[in-house]
């Protein structure tokens, strides 16, 4: 029993380190330290830890491909080119620029995933703010919040969707029937509330009609690589094929074509990728494994099964709400893994599973470490010289996330 409590304590301490970042050390340091400590103390067998790391292979490949595409686009001026287009269309209005960024974020999240929005859109938005000479933070907040608010439009909109459903992802038509209304309410509510929180920063005028940029041939290759990746991901998801390997291959091919075209060394490109996110994800898988190993998942499954037998709508409501808040305490990737294992053991009805999905996807808009996408976004803005504290994000998240979560959950539960 003492070993079980010690395991939980280490997992909780590692999670707290990821959230609070003591000494401003990277999130990965705390997660990896916790995972290693569990193994070194014999609290989690090595073979189980290795198996847990292996479960994240598809996620690692997906992130690798997206980070390659993003870095190639940044280096070849693609994001500066997109920024000029956005600023020109805004015609000097920060509020219109805010709306344009939000709509682009919806499209990228829906068809490329929320992690792609964090990795690919954020540099473009920062460039747009610089071109428009307007405060960047309101526009950067769009990248973070829409990455989660639109992440259940399609199965490919969030890798956590695939994690939660495993090999039983609903067909596209069924998915749209169950999630279109909740997604619409989530997107609209998040926009309205986020726009309200940023109203003072979006007042006045911004720069209009900056000097147009011509996209280089390598920039066009990067744009084509992103577009092809979106089309391929949508296609393979329809056939229930894992997304990681196609994304990694397309990202690597795009980078290779650009490097050959410009006769450049790959080392600077490789050096600038945020590699620390990969061990962070691997460690989170290990921290979840220790919960399964110590019987937590089984207990949760029994509670969920009993509650669903008593009241399916009620169980869906509280399960979605609890996992939505809980995702901010442990990150939504391990929360999704816990939810997936729980519903599989409990044989939960689809309404409960869907409510858990909405909580896992939308709930992380409460805090800065709630989702992998938000951590990726945080890394991206730090590279540009910006930063957002946990408290500053929380003040916005409380206003934006909670009403959107209630509306999305209510819509899905009422659909039946």
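The table below lists the values:
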{"item": "Sole residue being closer than 13 Å to residue 50 by Cα, under 26 Å from the mean Cα position of the chain (by Cα) and at pLDDT 85 or above, chosen from 287, 278", "result": "287"}
{"item": "Residue in the range 352-370 that is surrounded by the most Cβ atoms within 10 Å (Cβ to Cβ), counting only those that are more than 20 Å from residue 188 (Cα to Cα) and under 18 Å from the mean Cα position of the chain (by Cα)", "result": "370"}
{"item": "Selection from the range 141-156 of residues that are part of a helix (DSSP H, G or I) and either in contact with a strand residue (DSSP E or B) (Cβ under 7 Å, 6 or more places away or on another chain) or over 24 Å from residue 398 (Cβ atoms) (or both)", "result": "155, 156"}
{"item": "Selection status of residue 333, within 14 Å of the chain's Cα centre (by Cα), over 25 Å from residue 140 (Cβ atoms) and either assigned to a helix (DSSP H, G or I) or touching a residue at least 24 places away in the same chain (Cβ under 8 Å) (or both)", "result": "no"}
{"item": "Members of the range 33-48 that are buried (at least 20 other Cβ atoms within 10 Å of the Cβ) and within 16 Å of residue 280 (Cβ to Cβ)", "result": "34, 35, 38"}
{"item": "Residue ranges of helices (runs of 4 or more DSSP H) in the range 159-272 with at least 2 members out of contact with any strand residue (DSSP E or B) (no Cβ under 9 Å at 6 or more places or on another chain), surrounded by 13 or more Cβ atoms within 10 Å (Cβ to Cβ) and modelled with pLDDT of 90 or more", "result": "172-197, 217-238, 244-262"}
{"item": "In the range 1-28, residue surrounded by the fewest Cβ atoms within 10 Å (Cβ to Cβ) [restricted to those that are farther than 14 Å from residue 287 by Cβ and within 22 Å of the chain's Cα centre (by Cα)]", "result": "24"}
{"item": "Scope the range 381-416; condition outside any helix (DSSP H, G or I) and farther than 16 Å from residue 19 by Cα; matching residues", "result": "384, 385, 386, 416"}
{"item": "The range 316-351: number of residues that are under 20 Å from residue 394 (Cβ atoms), at pLDDT 90 or above and crowded, with 22+ Cβ neighbours inside 10 Å", "result": "2"}
{"item": "The listed residue being closer than 19 Å to residue 231 by Cβ and assigned to a helix (DSSP H, G or I), out of 119, 125", "result": "119"}
{"item": "Residue in the range 36-56 that is part of a helix (DSSP H, G or I) and within 28 Å of residue 137 (Cα to Cα) present", "result": "no"}
{"item": "Filtered residues of the range 128-140 (kept if farther than 12 Å from residue 381 by Cβ and part of a helix (DSSP H, G or I))", "result": "128, 130, 131, 132, 138"}
{"item": "Single residue of the range 119-144 satisfying the filter (closer than 15 Å to residue 372 by Cβ and at pLDDT 85 or above) that is farthest from the chain's Cα centre (by Cα)", "result": "122"}
{"item": "Subset of the range 84-110 (residues that are crowded, with 24+ Cβ neighbours inside 10 Å and under 15 Å from residue 213 (Cβ atoms))", "result": "87"}
{"item": "Options 87, 82, 107, 59: the member that is under 19 Å from the mean Cα position of the chain (by Cα), closer than 29 Å to residue 188 by Cβ and assigned to a helix (DSSP H, G or I)", "result": "107"}
{"item": "Output for the range 264-294, where each listed residue is under 22 Å from residue 341 (Cβ atoms) and free of Cβ contacts under 8 Å to residues at least 60 places away in the same chain", "result": "292"}
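The values are calculated or read from the model by the stated rules, or taken from the named source; none is laboratory data. What you see is a predicted model, and the numbers here were worked out from it, not measured in a lab. With ideal geometry, Cβ positions are generated from the backbone for all residues, glycine too; neighbour counts draw on all protein chains shown.
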